[in-house]
Amino acid sequence: MIRRTTIDQHEESLLKPLLSAGKPYLAFCAALLLIVLWAGYAWVLQLTGGLGITAMRTPVGPAWGIYIVNFVFFASMAHGGMAISAAVHLLKAEKFKPIARMGEVLTIVSLAMAGLSIIIDMGRPDRAFNMIRFWPERVGTSPLTWDVTVIVLYLVLSLSFLWLTMRRDLARLAKRFGLRGRLYNLLLIGYKADEDKKVDRLAFWLSIAIVILIVMLSGGVIPWIFGLIPAQAGWFSAMAGPYFLTAALASSLAAVIVVAVLLRKIYHWEDYIKPETFKSLGILLGVITGFYVYLTFAEQLTANYAAPHPELAVSELLMTGELAPLYWTMIIGGFVFPVLMLVGQTLRPRLFSPTRTAIYAGVLIIAFWLKRFFIVIPSLLRPLLPFPNGSYTPTWVEWSIIAGTVAAAVLLYAIFIKVFPIVEAHKE
């Protein structure tokens, strides 16, 4: 009887997000919705007025702006959660199990925002259908087609993985909730009480496929969009694959840490999500980001030692030019300092706390967004042809739409945790 009561209390605690939606939550969602609506208004202006109302220009400015920066950022953010879930199923890393579903949902939301960013960047969004129409003849020749193919496949597999691993909870909760219970029943197609072993086996093989796709997406097709353009200084590099993959793993791990710490604090899940989980993730994040700092150093050393003049021009724009103050602030304050703090927690355990780890992770998320900006924009401001050097200051329309995509991502996540269990509600 005591054990039954303990399990009931455990489940009630984990179901807190589903049981009530207070005024702070509703006010928060309302604020996010207003930002999304404002971004929608800005996008309508862009559709009717054309991309000329943005700051994207050619030949004396960037043809790609912060929309593509956002695409690369969100596509990269889609890996940490699924990597953690894969670790749980492949490596039996049980201490990460409480935050696995949080990461899975983050992956799906990030992939959706990555796709939306591409649509927003197009002056004619209807032409996105040409990617489907001409897919058979372009799949072997266009890196952009490879990118769309892998993202769609990754999204389908991620949704399938989430659906499979959530079925047991939905079956337990279907009778408890009214309207949501009907939705749960719709999603429980073919559910059987003894299917757990089959689900675990399917999740295992899906984890393997997803790990392969993680490497293909951020270690392959996204960096190849940049790295296979020989006419663009600063992009054409065989190092693009490991460079992008390292950044993707680090930024997505940072996002998982921030989300998990926030939900842990809001819903008082301190007894369920142990501090050791964040200590391990923080150390891993510090090591991966430290390696990324090394790759950045190697990139700039090559560009300044004996590189062709166009490569040097792009590097000088970052190291000593008009972008230098923001660039060095990002390197020192956004990367080096958080890495030292995260790794320092292993040497001095008294420095560790989940909240501090989340703060350092939040700083890294901002720094990685800026790093994507410094990958995409500077190379387009130093043309190889004899044109004047360009400049780029995003307009209010661009910033509004960027804010709207971020708000939409947070809003989708907030809605999900009120409709579906964000952690496994059953206990063995």
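Bear in mind that the values in this text are calculations on the coordinates, not laboratory data. Keep in mind that what you see is a predicted model, and the values were worked out from it rather than measured. We place every Cβ from the backbone using ideal geometry, glycine too, and count neighbours over all the protein chains shown.
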*Any idea how many Lys pairs in the range 55-394 come in under 14 angstrom at the alpha carbon, given 8 or more places apart or on separate chains?*
4
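Highest mean first, how do 44-53, 277-286 rank when packing is the count of other Cβ atoms within 10 Å averaged over residues? The partial results should precede the final answer.
Numbers: 44-53: 13.5, 277-286: 21.7.
Packing proxy ranking, top to bottom: 277-286, 44-53.
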*Can you give the Kirkwood hydrodynamic radius for the range 334-376, in Å, rounded to one decimal and based on Cα pairs?*
10.9 Å
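Per residue of the chain, what 222 nm ellipticity follows from adding -39500 (n - 2.57) for every DSSP H run with n ≥ 4, rounded to the nearest 500?
Values: 19 runs with 304 residues, N = 428.
Estimated from H runs of four or more residues: -23500 deg cm²/dmol.
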*Given 10 Å bins starting at zero, what is the percent of C-alpha pairs of the range 161-218 in each, up to the one with the largest pair distance?*
22, 41, 24, 12, 1
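Report D for the range 55-394 in µm² per second (integer): Stokes-Einstein, Kirkwood Rh on Cα pairs, 25 °C, 0.890 mPa s. Let's see the in-between values first.
Numbers: Rh = 21.6 Å.
Stokes-Einstein gives a translational diffusion coefficient of 114 µm²/s.
Which value, to two decimals, describes the C-alpha radius of gyration of the range 51-173 once divided by 2.2 N^0.38 Å?
Details: Rg = 17.9 Å, N = 123, 2.2 N^0.38 = 13.7 Å.
Dividing the Cα Rg of the range 51-173 by 2.2 N^0.38 Å gives 1.31.
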*If one takes the longest principal axis of the Cα atoms in the chain, at what angle in degrees, from 0 to 90 and to the nearest 10, does the Cα axis of helix 196-216 lie?*
10 degrees
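Over the range 55-394, what relative contact order in percent results from Cα pairs under 8 Å that are six or more residues apart? It would help to have the intermediate numbers written out before the result.
Numbers: 419 pairs, mean separation 90.8, N = 340.
Once divided by the residue count of the range 55-394, the mean separation gives 27 percent.
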*asked:* Considering all projection directions equally, how large on average is the shadow of the alpha-carbon convex hull of the range 192-343, in square nanometres?
replied: 12.7 nm²
*For the range 31-78, what are the per-bin percents of Cα-Cα distances with bins 10 Å wide, up to the bin holding the maximum?*
22, 39, 34, 4
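In Å, the Kirkwood hydrodynamic radius of the range 300-351 over pairs of distinct alpha carbons?
Details: mean 1/r = 0.0782 Å⁻¹.
Over the range 300-351, the inverse of the mean reciprocal pair distance is 12.8 Å.
Once the convex hull of the alpha carbons of the range 357-428 is built, what does its volume come to per residue, in cubic angstrom? Before the final figure, lay out the partial values.
Working: hull volume 11.5 nm³, N = 72.
In the range 357-428, the Cα convex hull volume per residue is 160 Å³.
Can you tell me the dipole magnitude for the chain around its Cα centre, using point charges on the Cβ only (Lys, Arg +1; Asp, Glu -1), in Debye to the nearest 20?
Numbers: 36 positive and 24 negative charges, 267 e Å.
Value, rounded to 20: 1280 debye.
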